[in-house]
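Quick note: the coordinates plus some simple rules give every number you see, no bench work behind them. Here the structure is a predicted model, which means the values were calculated and not measured. When we count neighbours, we look across all protein chains shown, and the Cβ atoms used for this are built from the backbone with ideal geometry, even at glycine.
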Ligand code: CUA
């Protein structure tokens, strides 16, 4: 008997803990602290629906408690059957009309928000940025076609502007989820392109995740959105346009690394330009927040990643052990000094616990 009680107790504790921990999260990976237009709209919808739910819950519970007390079996009446009622027009009208009103209160702003978020009226206008997003197992490519530049894993946008994303996938369905600035949108393989827009209010580094189960490394398919002022953004575009992939690094090991990289890695990767190849464009790699979207940007981590990508992101397309550890160390030296633009490096990543 005790054992059963114990089991239930841990079940209860576990349930309570789950509920409690569900409230934890990163400030910049939270739909509850919107820092952008879409996220704000979505939070408003959540609050309306929660308010309606609480209202319904309280009314139902009140009626339930009332009925429980009022109509419970009383002493001396154990065998009396109360008066039976069949049908009550007034009550039936009330419990049909109230839900209709509640649904309307929910539906009108939802439909409005749906059209608002799908709005593409300014796309293609002078000065309006459109970025092509390509999801891949398990990384993100961001191509700025007008500027002929590309990045991977880290998307740069100006604050206060509506920036459009044309989204596709090169393999399976993924989903671009950026909760603190916008919502979530699927990326599909084939011709079916989805479009959404981002409008960030504040400068910052915002976290995004793939939100569609896409393979063994789905949970590692992170990205960052770096929102900077318009001036800084323009500077970043300039910096990225001026990348010379042939530029020789300063140290000898980095120079050897460059040669090794060109021989072994260039068939998939690119540095600078607008290529969306088989692998990520590694422009500005030395200023990235993370390696492969998930690892701290240390040389040790990078060498591990170059030699054994399969152990870090299972199922990814990067070939394993094509270079030795020693060669990988030189390639790491080369990649880490690729600091083409320092725009965004001083932008705060809020609430990152380390
Ligand atoms: Cu890509 Cu999950």
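The table that follows gives values for the structure above.
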read-out	value
The chain, relative contact order [Cα under 8 Å, separation at least 6], %	17
Mean Cβ neighbour count within 10 Å, used as a protection proxy, ranking 6-13, 255-262, 109-116 highest first	255-262, 109-116, 6-13
Fewest-first sequence of 266, 318 by Cβ atoms within 10 Å of each Cβ	266, 318
Nearest 10 degrees, 0 to 90: helix 89-117 Cα axis against the chain principal axis	10
Alpha-carbon spread of the chain, three principal axes, descending order, Å	99, 61, 37
Helix-only [θ]222 nm of the chain, DSSP H runs n ≥ 4, -39500 (n - 2.57) each, per residue, nearest 500	-12500 deg cm²/dmol
Spatial separation of Cα centroids for the stretch 204-230 and the stretch 55-92, in angstrom	52
The stretch 171-330: radius of gyration over Cα atoms, expressed as a fraction of 2.2 N^0.38 Å	1.13
Ranked list, fewest to most other Cβ atoms within 10 Å of each Cβ, for 312, 58	58, 312
For peptides 286-293, 337-344, sequence by mean Cβ density within 10 Å, most packed first	286-293, 337-344
Most to least packed among 59-71, 201-213, 133-145 [average Cβ atoms within 10 Å]	133-145, 201-213, 59-71
